[in-house]
1. Which of the residues belonging to region 42-67 are at pLDDT 65 or above and surrounded by 10 or more Cβ atoms within 10 Å (Cβ to Cβ)?
2. Restricting to region 109-149, name every residue that is more than 21 Å from residue 74 (Cα to Cα), assigned to a loop (DSSP other than H, G, I, E, B) and in contact with a helix residue (DSSP H, G or I) (Cβ under 7 Å, 6 or more places away or on another chain).
3. Search region 83-108 for residues being exposed (fewer than 13 other Cβ atoms within 10 Å of the Cβ) and either part of a strand (DSSP E or B) or over 18 Å from the mean Cα position of the chain (by Cα) (or both), and hand back the single one that is modelled with the lowest pLDDT.
4. Right, residue 122: modelled with pLDDT of 95 or more and closer than 19 Å to residue 43 by Cα or not?
5. Find all pairs meeting these conditions: Cβ atoms under 7 angstrom apart; at least six residues apart or on different chains; first residue within region 113-141 and on the phi > 0 side of the Ramachandran plot and free of Cβ contacts under 8 Å to residues at least 24 places away in the same chain; second residue surrounded by 15 or more Cβ atoms within 10 Å (Cβ to Cβ) and not in a loop (DSSP other than H, G, I, E, B).
């Protein structure tokens, strides 16, 4: 006689359960940060890594053209970290027909989300909802990055 077992696990909003066969191995907090400060609290830097010196030993700030350019680069670096966090492991395949949701500047700091298949975009996401949430939370940082987006 064959028996069937159904297991129901309540996973709180913002968490993801990982299974190994028939048991929960781990539950991970996947809440998305709403600010750069929250992101930094969730993802502290490894103090063993030197994040601001290139392979020649030159301090990265010496490589930047001016103060405005430095601010844009810092904003882009923050956006890169936040974008990867919001993607939750998803990486766009620009050779595939799947729809990607890309944040573009429409007109003077007015942004929109376009569906794209093959046209690459730095702020591309796996769903319209995630792209909208990202745009809502980081609109000012996107503006700060300016024409680098």
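1. 42, 43, 64
2. Within region 109-149, just 126 meets the criteria.
3. It comes out as 108.
4. no
5. Sorted first by the residue in region 113-141, then by its partner, the list stays empty.
The values are calculated or read from the model by the stated rules, or taken from the named source; none is laboratory data. Source: prediction; values computed, not measured. When we count neighbours, we look across all protein chains shown, and the Cβ atoms used for this are built from the backbone with ideal geometry, even at glycine.
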